[in-house]
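Step one of this worksheet: look at the structure below.
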Amino acid sequence: MARLSLGRSLLGSAAVVTLLLGCGGLNGPPFVSSGGNPSALNATSGELLYVANDGASDGVSIVALPRGRRVARITNIGAPTGICSDASGNVWVSAYDDATRKYHLDKFVHGGTKPTERLAVPDGSFGCSVDPANGDLATWVASAGSAGEVEVFPGARRDKPVVYRTDFEPISATYDNQGNIFADGIVNSGDFIFEELSKGSAHFSVVRLNKPAANPGSVQWDGKYVVVGVGFISDPPVLYRLRISDYRATVAQRISLQDLGSPARFWIADGNVVATQRASVRRIGLYDYPAGEQLAVFSGFYKRLGMTVGVPPK
């Protein structure tokens, strides 16, 4: 995935660009700079930020990076519940259709607004992750109480998914580069839990963290570490970069992001991370990764359920 062309030499700690998307039609108004040289943002990398809003009418916002101009919106798929992308530029959106009372996963090519494929998910779908090695598509859902399940569509095909039961309520999950699935969630009416489904295994196993964690957020493989968003009772949420071995996780780096919301929802794109901000239900911050320096703020979303960065197909 290509690094976003943001002109790092002039985007210092005091040069944060705010981009307003909430009005001005589909393309939105010009960005408003609070410092630095705005002309550095004129270049386009072809990368697109997709934001799943809470509600069928708001759908999925598609924003061109790095300028932050809204270029399209995905609607008429029901109410989004989660979103993810693969290395080929395809984006998957999990959604609930109130008319049919059914969940599904829709596939979109890079920049497309009409689904090219739909997978029915009978038990529900609240997010997704794609195996970078073989294209398997995983989704997850919570059942009654604290139980849930992770469903895997081999090769993201229409076959009946392979179902893995969990004894916790999954919040988010990710594949690593070895085909293992890592998921965080809630157990015992609110306690944080982190588990692994090792490749070839039939069940999840608890992974012990060496640092405290609560209020689980997104989980994602960044190419070297599994990254999980965690919250605390009195301190701001952070991202943990985890080194995992034998079902034990050591925090290799703790990343603080300015105004990071809780639960910490984020998406890492080689060299950058986008994340929900706590200052407003409408904002997403763009940061240098893994340094954590804030580069820009995008506004105009609605109760952001998740986000992903789509890359142009090679």
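The values are calculated or read from the model by the stated rules, or taken from the named source; none is laboratory data. Being a predicted model, the structure only gives us computed values, none of them experimental. Cβ atoms come from the backbone with ideal geometry, glycine included; neighbour counts cover every protein chain shown.
Thr166 meets all of the listed conditions (1) loosely packed, with under 14 Cβ neighbours inside 10 Å; (2) over 18 Å from the mean Cα position of the chain (by Cα) but one, namely (1). Could you list, in sequence order, the residues of the stretch 144-180 that are under 17 Å from Ala120 (Cβ atoms) and outside any loop (DSSP other than H, G, I, E, B)? Glu149, Val150, Glu151, Val152, Phe153, Pro154, Gly155, Ala156, Val162, Val163, listed by residue number. Looking only at the stretch 114-137, how many residues end up being of a type outside the set (Asp, Glu), surrounded by fewer than 16 Cβ atoms within 10 Å (Cβ to Cβ) and part of a loop (DSSP other than H, G, I, E, B)? The total comes to 5. In the stretch 148-171, the residues that are touching a residue at least 12 places away in the same chain (Cβ under 8 Å) and within 26 Å of Phe192 (Cβ to Cβ) reach residues that are aromatic (Phe, Trp, Tyr) and not in a loop (DSSP other than H, G, I, E, B) with C-beta atoms within less than 6 angstrom, at least six apart or across chains, in these pairs: Val150/Trp140; Val150/Tyr164; Pro170/Trp140. For the structure I just gave you, tell me whether Pro216 is modelled with pLDDT under 95 and surrounded by 14 or more Cβ atoms within 10 Å (Cβ to Cβ). Spelling it out, it is not the case that Pro216 is modelled with pLDDT under 95 and surrounded by 14 or more Cβ atoms within 10 Å (Cβ to Cβ). A count restricted to the stretch 27-57 and to residues that are in contact with a Phe, Trp or Tyr (Cβ under 8 Å, 6 or more places away or on another chain), buried (at least 18 other Cβ atoms within 10 Å of the Cβ) and either outside any strand (DSSP E or B) or at pLDDT below 90 (or both) stands at 2. Elements of the type strands (runs of 3 or more DSSP E) sitting completely within the stretch 225-312 and holding at least 2 residues that are of a type in the set (S, T, N, Q): these cover 248-255, 272-276, 294-299.
Conditions (1) exposed (fewer than 15 other Cβ atoms within 10 Å of the Cβ); (2) under 27 Å from Gln178 (Cα atoms); (3) out of contact with any Leu (no Cβ under 9 Å at 6 or more places or on another chain); (4) touching a residue at least 40 places away in the same chain (Cβ under 8 Å), marked per residue:
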residue: Tyr225; (1), (2), (3), (4): no, yes, no, no
residue: Val228; (1), (2), (3), (4): no, yes, no, yes
residue: Phe232; (1), (2), (3), (4): yes, no, yes, no
residue: Asp235; (1), (2), (3), (4): yes, no, yes, no
residue: Val238; (1), (2), (3), (4): no, yes, no, no
residue: Arg248; (1), (2), (3), (4): yes, yes, no, yes
residue: Ser262; (1), (2), (3), (4): no, no, yes, yes
residue: Phe266; (1), (2), (3), (4): no, yes, no, yes
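Restricted to the stretch 181-224, and to residues there that are more than 18 Å from the chain's Cα centre (by Cα), hydroxyl-bearing (Ser, Thr, Tyr) and part of a loop (DSSP other than H, G, I, E, B), the residue that is nearest to Cys128 (Cα to Cα) is Ser198. If Ile193 meets every condition in (1) surrounded by fewer than 22 Cβ atoms within 10 Å (Cβ to Cβ); (2) in contact with an Asp or Glu (Cβ under 8 Å, 6 or more places away or on another chain); (3) at pLDDT 95 or above apart from one, which number is that one? Here Ile193 meets the rest and fails (1).
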